[in-house]
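One structure below.
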Amino acid sequence: MMRITLMLLPLLLAACSQPPKDIQETRFMMGTLVTFTVAGSDATKAKAGIRDAAAEMQRVDTEFTIYGNSDNAVKRFNAAPVGKAVLLPPEVATLLQTALTVQQQSGGALDPMLGKLDKLWGFSSETPRQHPPSEAEIQAALPPRQCLRQTPQGYVRLDPRCQLDFGAFAKGYAIDRGIAMLRKHGIRNAIVNAGGDMRIIGDHDGRPWHIGIRHPRKAEGVIGTLALSGDVSIVTSGDYERFFIDHGRRYHHILDPATGWPAMASESVTVIAPNATLADAWSTAIFVRGVTFLPQASTHDLAVLIVDRNGRIHANAAMQRRLQHTN
Ligand code: ADP
Ligand code: MG
């Protein structure tokens, strides 16, 4: 009897030390497929975490979108009379402050007040355009440099063309909130991947997570791979997601606030930043600025890979250190 027990014990231990299987779930939200991957956690805990993370991300989307029929504080602000102070909910005000900081640090390349212009171009609307708007239409929607005043009573819109649009970083913020929710459930190893934009935490059964950076012009092509662990956010902005071609010219959804026209400096920009909100905001901003911004990227704690307008690949030192191999 005794002998059998001793014999069995190592076998049982071996069975227990097998890492639990990954739990993976995909939902459609924020106009894209969002995949949650949880490693090294029991299935019940992982599924409860994913359910709450998905609900939280859906809430963020509803709270910040300027599209659709549901009411929110952002839409109310955009509809408020010019000159009237409007109190924004703390969560909206905090995200706006982050955007205003990146706007300043990027020399105006990120602009959280492009709502009217974004609606004019219509890349996020249900009936996309086939032809660009006229220059006169663009000027009537392009906000001036001074758009907002902060007062003790709230934020004041200074011009009817000033309308909030969090489209360039709300997805990143939603990813951050999704990860926060997974952590609340005690999950330590996970990826929240929203259409290629993601935050990863922990590792994959003791090994890094492997992530590929997609090529902007080759659907199945990968520029390079990254082995990531700990807490890393990686976001790509590209001209290939939402666009139309008119007279052989590509018009896409990342707009240059200096002109009101699609930014022409890059095909895609991939950014690694301390969180997904910043990675998302900066990937859009650096897309607008192009390679001229690359030397400044490290001062903002960013690893950056740019495919420029000619298809040439540029990476700063921080990104080169992380890249496993490039094609
Ligand atoms: P996606 O999330 O679709 O990958 P981005 O993160 O680059 O793309 O954000 C693009 C969205 O941000 C646009 O759909 C528009 O709502 C908004 N936007 C476009 N250009 C700018 C800009 N220069 N600054 C701030 N927001 C912008
Ligand atoms: Mg972005």
What do the square roots of 5 times the Cα gyration tensor eigenvalues come to for the stretch 166-323, in whole Å, largest first, as semi-axes of the equivalent ellipsoid? 27, 17, 15
Would you work out what percent of the accessible area of the chain, with all protein chains in place, is carbon or sulfur (probe 1.4 Å)? 54 percent
Tail beyond 20 Å, pair distance distribution of the stretch 262-327 (Cα, percent): 19 percent
Taking the stretch 53-115, how much of its Cα-Cα pair set, in percent, is spaced more than 15 angstrom apart? 60 percent
Cβ charges +1 (Lys, Arg) and -1 (Asp, Glu), total dipole of the chain, debye: 300 debye
In Å³ and rounded to a whole number, note down the convex hull volume per residue for the Cα atoms of the stretch 213-276. 105 Å³
Report, ordered by chain and residue number, the lysines lying within cross-link reach of Lys84, taken as a straight Cα distance under 22 Å and ignoring same-chain residues fewer than 8 apart. Lys75, Lys116
Based on the alpha-carbon gyration tensor of the stretch 78-227 and its eigenvalue square roots a ≥ b ≥ c, which shape applies: rounded if a/c is under 1.5, prolate if not and a/b is larger than b/c, or oblate? oblate
Burial order of peptide ranges 168-180, 205-217, 229-241 (average beta-carbon count within 10 Å, highest first): 168-180, 229-241, 205-217
In units of 2.2 N^0.38 Å, what is the alpha-carbon radius of gyration of the stretch 177-256? 1.39
Which value, in nm² and rounded to one decimal, describes the direction-averaged projected area of the C-alpha convex hull of the chain? 20.3 nm²
For the chain, build the charge dipole from Cβ charges (+1 Lys, Arg; -1 Asp, Glu) around the Cα centre, then report which of Ala297, Pro133, Met113 sits farthest towards its positive end. Ala297
Mean accessible area per residue over the chain (1.4 angstrom probe, all protein chains present, square angstrom) is 49 Å²
Name the residue from Ala99, Gln153, Tyr67 whose Cα lies farthest towards the positive end of the charge dipole of the stretch 37-182, charges +1 on Cβ of Lys and Arg and -1 on Cβ of Asp and Glu. Gln153
Among the lysines, select those whose C-alpha is under 24 Å from the C-alpha of Lys184, and discard any that sit fewer than 8 residues away in the same chain. Lys21, Lys45, Lys47, Lys171
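The values are calculated or read from the model by the stated rules, or taken from the named source; none is laboratory data. On a predicted model such as this, the values are computed, not experimentally measured, just so you know. Cβ atoms come from the backbone with ideal geometry, glycine included; neighbour counts cover every protein chain shown. With ligands, DNA and RNA removed, areas are computed over all heavy atoms of the protein, side chains included. Shrake-Rupley method; radii C 1.70, N 1.55, O 1.52, S 1.80 Å.
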